[in-house]
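Structure first, commentary second.
Each reported figure results from applying straightforward, stated rules to the coordinates on display, with no laboratory input. Computed from a predicted structure; not experimentally measured. No Cβ is skipped: glycine too gets one built from the backbone with ideal geometry, and neighbour counts run over all protein chains shown.
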Amino acid sequence: MCDTHFGSRGGPCPPEWPNPDGSSYVPNDGQSTLYTYLQDYLEYARATCDTFLLVGDICQGNNRKEFGRMLTAPELESQVDMAIATLRPYTRGKRVYGVSGSRYHNSLEMSLDRMVIEQLGGEFYGVEAIVHLQGADKVMYTAHKMGGGLLYAAGGLDKVSIWMDVAEAQGSMPHIDLVVCAHYHFYVEVRTKCRVLVQAPCWQARTPWEVLSINPGKTQPMIGGIIIEVTPIGISMEHRTYDLPHIYDRLVMEGL
């Protein structure tokens, strides 16, 4: 799972979240809906998975790219506490691993992703990781931001796969069976003869960032998470998606 963006007014939030100054933040309707969706997904994941992989942007951080706007609270410790309080009941007793997300969704002093993952008892890999999945004898590459594509989303992952083949042929990389990434807030899956690449969906509603308005149809996020089963004979994927709540981009039902 990825891109939960705890601390964003467009992300999931528990009811009546306490602020460090003693006040409470009351989530908007969209945040409450996202929190309910996330709990449903986590309940299912806990029942079916032995490992949680957190692929960055767990918290909203300073949100420097949007000038620190749309935060539930500016204190980053509060965002970390919110993430841990939400995730810990479901990850307890499971293996937890993860990588860091976007720099502007962290802090200049520390990695919020690392704080959350390690306080959940997990292992933090840094920016990227090549992991041998021993039980299935497969190799996974994971990082937060990969691929992309202005028109065809799968094209970015196709390029990643092609260059992995080149690097493998040159002896620079091992063979990669599975690629897991995030960042773009919608689900894409690409399968080749020798590799599966997946870009996970997100848990944040659309926020009013100027770049997104360039193509509003393409930049509608997909809410949800994925379940990956890796065995010696193959890799299967289940994506659980939910209806998109509209917070900042809700329809204005007023005549002009």
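Residue count for region 238-249 satisfying the condition of being free of Cβ contacts under 8 Å to residues at least 60 places away in the same chain and under 16 Å from the mean Cα position of the chain (by Cα): 4. When Glu75 is tested against the conditions (1) under 30 Å from Tyr248 (Cα atoms); (2) of a type outside the set (A, V, I, L, M); (3) crowded, with 21+ Cβ neighbours inside 10 Å, the lone failure is (3). Considering region 26-53, and only residues there that are out of contact with any Pro (no Cβ under 8 Å at 6 or more places or on another chain) and not in a helix (DSSP H, G or I), the residue that is surrounded by the fewest Cβ atoms within 10 Å (Cβ to Cβ) turns out to be Asp50. Can you say whether Ile233 is under 19 Å from Val99 (Cα atoms) and surrounded by fewer than 19 Cβ atoms within 10 Å (Cβ to Cβ), as far as the supplied structure shows? Taking the combined requirement at face value, the residue does not satisfy it. Based on what the data block shows, is Tyr97 of a type in the set (Ser, Thr, Tyr), surrounded by fewer than 21 Cβ atoms within 10 Å (Cβ to Cβ) and either in a helix (DSSP H, G or I) or free of Cβ contacts under 8 Å to residues at least 40 places away in the same chain (or both)? Criteria not met by Tyr97.
The residues of region 116-142 that are in contact (Cβ under 8 Å) with a residue 60 or more places away in the chain and either of a type in the set (Ser, Thr, Tyr) or in a strand (DSSP E or B) (or both), listed by number, are Leu133, Lys138, Met140, Thr142.
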